[in-house]
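Notes for the one structure printed next.
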Amino acid sequence: MAKITYIEHSGTEHVVEVANGLTVMEGARDNNIPGIEADCGGACACSTCHVYVDPSWAEKIPGKEAMEEDMLDFAFEPDAARSRLTCQIKVTDDLDGLIVQMPEKQI
Amino acid sequence: MSHIIVVGAGQAGSSMVVKLRNLGFEGKITLVGEEPVPPYQRPPLSKKYLLGEMALERLYLRPEQFYSDHNIELKLGNPVTAIDADAKTITVGGETLTYDQLAITTGSTPRQLPAAIGGTLEGVHVVRTLADVDAMANDVKDGAKALIVGGGYIGLEAAAVARKMGVAVTVIEMANRILQRVAAPETSDYFRELHAQNDVTILEKTGLTRLTGEGRVSGAELSDGTMLAVDFAIVGVGVTPNHSLAEMAGATLDNGIAVNEFGQTSDPTIWSAGDCASFPYQGNRIRLESVQNAIDQAEQIAANMLGEPTAYVPKPWFWSDQYDTKLQIAGLNTGYDQTVVRKGDKEGSQSVWYFKGDQLLAVDAMNDPRPYMIGKRMIEAGKSPTPAQVGDPATDLKALM
């Protein structure tokens with residue numbers, strides 16, 4: 001279980017508990033947090049669950065696979081150091097306190 | 001208080017009710033579903049769910065609790081048995097409900113093989129619902145022999161998963177090549193090769209004469225006279241739109257439930273979205289069987305129910321997962337007269353670009369997300385690279401966006 005803070009582009013914060021094994025995307029979906037669309041449901045096929053993660057978390061979150069990296073290249077205002085697709089981040093206890101910020105829009 | 005009823009609790013129905021609430025609709029919402037479970041994602045059913053890598057609850061598009069939390073009444077487990085468009089009522093589970101606006105998002109039904117050729121034997125499966133996939137779970141096991149009827153995306157994805165489970169798989173396709181209806185020969189070639197590498201036997205230009213067996217399927221006779229031993233069969237030969245409710249309501253049908261650009265049927269208080277709805281597109285009328293269409297059309301209709309209507313213009317995209325290959329498709333290739341193949345940076349990655357004249361229509365990308373994203377952006381922006389640019393490996397496609 002991890003407490004995750006999702007910050008909308010407008011600044012609105014949503015703090016929710018997300019169970020281990022789910023993805024950060026599913027945490028947003030299950031709590032109806034706007035700004036993460038995830039149309040493909042987590043198949044790494046649509047690039048509509050893009051967020052920015054502070055680089056300080058990089059060590060605790062497994063790195064990007066090539067597919068995610070390539071998709072993110074075409075997300076809205078990607079940032080090589082901070083952009084992630086939330087469907088590719090599995091929640092563990094290590095992610096307790098994670099803060100993700102949403103871009104102005106998904107592609 | 002205004003009451004919106006949505007019949008059909010799949011991707012489109014779920015997207016619509018969520019959007020209605022997120023747009024601030026405060027009236028009554030009822031979502032009616034024939035299946036006994038809350039709306040769920042279908043694409044993972046025959047893949048991660050069947051493989052046991054994804055539990056049922058994770059398939060749900062929203063947790064069950066979500067609906068009551070948002071004052072959305074879920075009526076599950078019963079079909080709608082009657083509709084009276086004049087009185088604006090539907091009957092479900094013996095109960096009559098009155099609507100102000102109704103949406104029909106009843107999806108589609110897989111075509112089955114006729115009983116006369118063994119279509120109703122035990123062990124003959126289709127892939128659509130949770131129940132369909134639960135029914136095949138016991139059959140898809142190491143050492144079993146499967147016949148897959150139909151070399152479209154459904155059949156090929158099923159073949160890939162069955163191979164992963166150790167099933168010996170034969171795919172038969174009546175047309176000249178697999179994926180003939182939906183893709184160019186180059187894409188068919190890619191997937192034929194991929195399945196060959198994974199020891200799937202693909203027989204093109206080969207039909208099914210009959211499935212045989214006493215009660216349960218045990219064999220198949222193919223159109224070339226070959227007899228196969230079969231432990232189970234999966235039939236993926238397309239779907240038909242579920243339009244009976246609209247028909248009962250007296251709404252116009254035309255390759256499914258005919259809607260206008262706003263999503264309204266010939267009865268302006270009845271709307272329709274998703275697999276079951278045909279809508280105007282570039283001078284024609286089309287139906288799209290895809291997650292993208294189910295979501296986007298349903299969300300547009302939600303907005304249109306509440307305010308000034310805006311036309312739904314699809315931005316089609318699609319994906320298919322087979323083994324470790326992800327196919328991503330942007331656009332619609334209907335009417336293409338030329339294709340250009342572009343090799344990707346990695347082994348086995350490539351994209352197929354569809355043109356009509358000099359206009360880009362669609363891109364199929366195999367393990368190659370960059371051209372998919374570039375193509376998608378360009379198609380949506382009405383831009384087009386030339387076939388020569390795409391064909392030249394030195395072209396930096398991103399610079400053309």
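Scaled to the globular estimate 2.2 N^0.38 Å, the Cα spread of chain B, given as radius of gyration, is 1.03. Of the DSSP beta bridges with both residues in the protein assembly as shown, give the percent that are antiparallel, rounding to the nearest 5. Approximately 60 percent, going by the DSSP bridge assignments. Modelled this way, with points 7 Å down the Cα-to-C-beta line, the labels at residue B:141 and residue B:196 are 3.3 nm from one another. Between residue A:79 and residue B:389, the simple spin-label model (points 7 angstrom out along Cα→Cβ) gives 3.1 nm. Label-to-label distance, residue A:104 versus residue A:16, with points set 7 angstrom from Cα along the beta-carbon direction: 2.6 nm. Calculated on the Cα set of the range B:106-184, radius of gyration then Dmax: 12.9, 37 Å. Projected onto planes of every orientation and averaged, the convex hull of the alpha-carbon atoms in the protein assembly as shown covers 24.4 nm². Counting other Cβ atoms within 10 Å as a rough exposure proxy, the listed residues B:370, B:377 run B:377, B:370 from fewest neighbours to most. Rounded to two decimals, the Cα radius of gyration of the range B:112-235 over 2.2 N^0.38 Å is 0.98. Per-residue extension of 0.36 nm, minus the Cα-Cα distance of residue B:359 and residue B:89, leaves a gain of 92.5 nm for this segment. Taken as Cα centroids, the range A:77-98 and the range B:272-339 sit 30 Å apart, rounded to the nearest whole angstrom.
Taking the dipole about the Cα centre of the range B:54-139, with the C-beta of Lys and Arg at +1 and of Asp and Glu at -1, give me whichever of B:104, B:90, B:80 is farthest to the positive side. Result: B:104, furthest along the dipole toward the positive end.
Quick one: length gained pulling residue B:73 to residue B:224 fully straight, 0.36 nm per residue minus the C-alpha distance?
Answer, rounded to one decimal: 49.0 nm.
With a/c under 1.5 counting as rounded, go ahead and sort chain A into rounded, prolate or oblate using the C-alpha gyration tensor (a ≥ b ≥ c being the square roots of the eigenvalues; past the cut-off, prolate if a/b is larger than b/c, else oblate). It is rounded, given that a/c, with a ≥ b ≥ c, falls under 1.5.
Restricting attention to chain B, close to 60% of DSSP beta bridges with both partner residues there are antiparallel. Loop-located GluC sites (Glu not before Pro) across the range B:50-158 with a Cβ neighbour count of 12 or fewer within 10 Å are B:53, with loop assigned by DSSP. A straight line joining the Cα centroids of the range B:345-375 and the range B:140-214 runs 24 Å.
For residue A:58 and residue A:9, what does the FRET efficiency come to when R0 = 25 Å and r is the distance between their Cβ atoms, rounded to the nearest 0.05?
Result of the calculation: an efficiency of 0.70.
Listed by chain and number, the lysines placed with their C-alpha closer than 21 angstrom to that of residue B:164 are B:47, B:48, B:141, B:145, B:326; residues fewer than eight positions away on the same chain are left out.
When a/c is below 1.5 the answer is rounded, else prolate if a/b is larger than b/c, else oblate, so apply that to the range B:17-171 with a ≥ b ≥ c taken from the square roots of the Cα gyration tensor eigenvalues. Don't jump to the answer; show the numbers that get you there.
Working: a/c = 2.98, a/b = 1.81, b/c = 1.64.
Prolate, because a/c is 1.5 or more and a/b exceeds b/c.
Could you sort out which of B:205/B:376; B:346/B:376; B:19/B:315; A:105/B:383; A:3/B:28 sit more than 29 Å apart by Cα distance in this structure? Result: B:205/B:376; A:3/B:28 exceed 29 Å.
Within the range B:324-400, the ratio Rg/Rh, alpha carbon atoms throughout and Rh by Kirkwood, equals 0.92.
Read the figures in this text as sums done on the coordinates, not as results from a lab. Note that the coordinates shown come from a computational prediction; the quantities given were computed from them, not determined experimentally. Quick reminder, even Gly has a Cβ in these numbers, built from the backbone with ideal geometry, and neighbours come from all protein chains shown.
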